[in-house]
Amino acid sequence: MTPSTRKCWSALVGAETVTTDTFAFADEEALAEAACTLALEKVQEALGERNRAIVVLAGGNTPRATYRLLARSIVRKRIPAERLLWLFGDERWVLVDDPQSNEGMARESLLHPIGAPASTVLSWEAGRGDPVGCAERYGAKAADAMLGQNADLVFLGLGSDGHTASLFPDAMVHFSSGRTVAAGPQVPGFAVAVHSLTAKGWRLTLCPGVLNAGRTVVFLVAGAEKSSALKRTRGGDPATPAAWIRGERTVFMATRDALGIENADFGRDVRHA
Ligand code: 6PG
């Protein structure tokens, strides 16, 4: 990102200073191992500083391997599960026992294996009632639970269309007032319901402001089909929703093919300007 882009970028999301780092991996296994190491570092840092770690989990498939490794590490290192607070960056409009549920995937791969107490897992309680009310309740519940703290670690995925969480390019945000607006970097509030034809219906998502407040935001990206979206995201393309998101520190952890990295560059830290 050139300084001028960064200036433009900061103006876009109101970030004062953003640093981004990009790391390339041979495959998803190596990516998951590194993501687990970084996550552990951030969780233990937060526990040391604030005696609590707040983590926002991504959905989809890519994070599953990282979550499985993270669960084993948390158990092995006897990290107190009661000091960890888990949110979900987004959710599909399904019940938690639906195979499509992001919460369901995280419970199976991470939260159940570490014995996360119910009070530490903030469920969207998706799939019943109305999505708009559900999002509003989640926002209130999460804001209360976070006690004014920002997330210490935010995991995000990336869709080949450039979406992240459920911020889709075609997403329309619905508010309880009946107002609807196109999703954008300045969507107000904590959590919203969006309707997207790409997503084939309703989705629930944390707002960019909440994600951008994360101390460390980690994008987990695998597969050549993501390379165009990842390039646009790293380049700060305002038409790419994932580009709206920059934490205090933003780390892109991606497979080589997702970065379109030639062999010559492989293995070195592809640091972003
Ligand atoms: C979801 C996600 C979404 C996901 C990307 C990448 O609900 O699907 O939150 O943002 O992270 O679509 O998904 P994959 O990791 O499965 O490619």
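Would you pick out the residues in the range 102-137 that are closer than 28 Å to Arg78 by Cα and outside any helix (DSSP H, G or I)?
So the first thing to find is which residues in the range 102-137 are closer than 28 Å to Arg78 by Cα, and the list is 102-124.
Correct list: His112, Pro113, Ile114, Gly115, Ala116, Pro117, Val121, Leu122, Ser123, Trp124.
Among Ala183, Ala242, which is within 25 Å of Glu29 (Cα to Cα), touching a helix residue (DSSP H, G or I) at 6+ places or on another chain (Cβ under 9 Å) and within 14 Å of the ligand (Cβ to nearest atom)? Working first, answer last.
Details: Ala183 fails: within 25 Å of Glu29 (Cα to Cα).
Step by step, each of Ala183, Ala242 is checked, and only Ala242 is within 25 Å of Glu29 (Cα to Cα), touching a helix residue (DSSP H, G or I) at 6+ places or on another chain (Cβ under 9 Å) and within 14 Å of the ligand (Cβ to nearest atom).
For the range 160-178, what are the residues that are at negative phi and within 10 Å of the ligand (Cβ to nearest atom)?
Ser160, Asp161, His163, Thr164, Ser166, Leu167, Phe168
Among (1) more than 9 Å from the ligand (Cβ to nearest atom); (2) surrounded by 14 or more Cβ atoms within 10 Å (Cβ to Cβ), where does Arg92 come up short?
Of the numbered conditions (1) more than 9 Å from the ligand (Cβ to nearest atom); (2) surrounded by 14 or more Cβ atoms within 10 Å (Cβ to Cβ), the odd one out for Arg92 is (1).
Pick from the range 67-115 the residues that are touching a Ser or Thr at 6+ places or on another chain (Cβ under 7 Å) and among the β-branched types (Val, Ile, Thr): which of them is nearest to Trp202 (Cα to Cα)?
Only one residue fits best here, namely Val94.
Based on what the data block shows, is Pro99 within 16 Å of the ligand (Cβ to nearest atom), part of a loop (DSSP other than H, G, I, E, B) and of a type outside the set (A, V, I, L, M)? Give the steps one after another, and end with the answer.
On the way: within 16 Å of the ligand (Cβ to nearest atom): yes; part of a loop (DSSP other than H, G, I, E, B): yes; of a type outside the set (A, V, I, L, M): yes.
Answer is yes for this residue.
Test Arg64 against the criterion of being out of contact with any Ser or Thr (no Cβ under 9 Å at 6 or more places or on another chain) and either closer than 14 Å to Val251 by Cα or modelled with pLDDT of 95 or more (or both), and give yes or no. Before you say what the answer is, go through the steps one by one.
On the way: out of contact with any Ser or Thr (no Cβ under 9 Å at 6 or more places or on another chain): no; either closer than 14 Å to Val251 by Cα or modelled with pLDDT of 95 or more (or both): yes.
So Arg64 does not fit the description; no.
Tally the residues that are under 17 Å from the mean Cα position of the chain (by Cα) and either open to solvent by 30 Å² or more (accessible area, probe 1.4 Å) or of a type in the set (D, E, K, R) (or both), restricting the search to the range 101-119.
At the first step, the residues of the range 101-119 found to be under 17 Å from the mean Cα position of the chain (by Cα) are 101-107, 109-111.
Keeping just the survivors that are either open to solvent by 30 Å² or more (accessible area, probe 1.4 Å) or of a type in the set (D, E, K, R) (or both) gives 103, 107.
Residues meeting the conditions: 2.
Kindly provide the set of residues from the range 56-85 that are of a type outside the set (D, E, K, R), within 15 Å of the ligand (Cβ to nearest atom) and surrounded by fewer than 22 Cβ atoms within 10 Å (Cβ to Cβ), ordered by number. Outline the logic, then answer.
So in the range 56-85, the residues of a type outside the set (D, E, K, R) come out as 56-63, 65-67, 69-71, 73-75, 79-81, 84-85.
Then drop every residue that is not within 15 Å of the ligand (Cβ to nearest atom), which leaves 56-63, 65-67.
The answer is Gly60, Asn61, Ala65.
Only residues in the range 58-71 that are more than 10 Å from Ala35 (Cα to Cα) count as the first member; pair them with residues that are near the ligand (Cβ under 6 Å from one of its atoms) and modelled with pLDDT under 95, Cβ under 9 angstrom, at least 6 apart or cross-chain, and list the lot.
Here the result reads none, with nothing in the range 58-71 linked to a residue that is near the ligand (Cβ under 6 Å from one of its atoms) and modelled with pLDDT under 95.
Each row is one residue, and each column tells you yes or no for (1) in contact with a His (Cβ under 8 Å, 6 or more places away or on another chain); (2) open to solvent by 60 Å² or more (accessible area, probe 1.4 Å); (3) not β-branched (Val, Ile, Thr).
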residue	(1), (2), (3)
Pro99	no, yes, yes
Val121	no, no, no
Ala126	no, no, yes
Cys134	no, no, yes
Arg137	no, yes, yes
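The values are calculated or read from the model by the stated rules, or taken from the named source; none is laboratory data. Bear in mind that the values here come from a model prediction, so they are computed numbers and not experimental data. Reconstructed Cβ throughout: ideal geometry from the backbone, glycine too, with neighbour counts over all protein chains shown. Remember, those area values only see protein heavy atoms, side chains included, never the ligands or the DNA or RNA. Shrake-Rupley method; radii C 1.70, N 1.55, O 1.52, S 1.80 Å.
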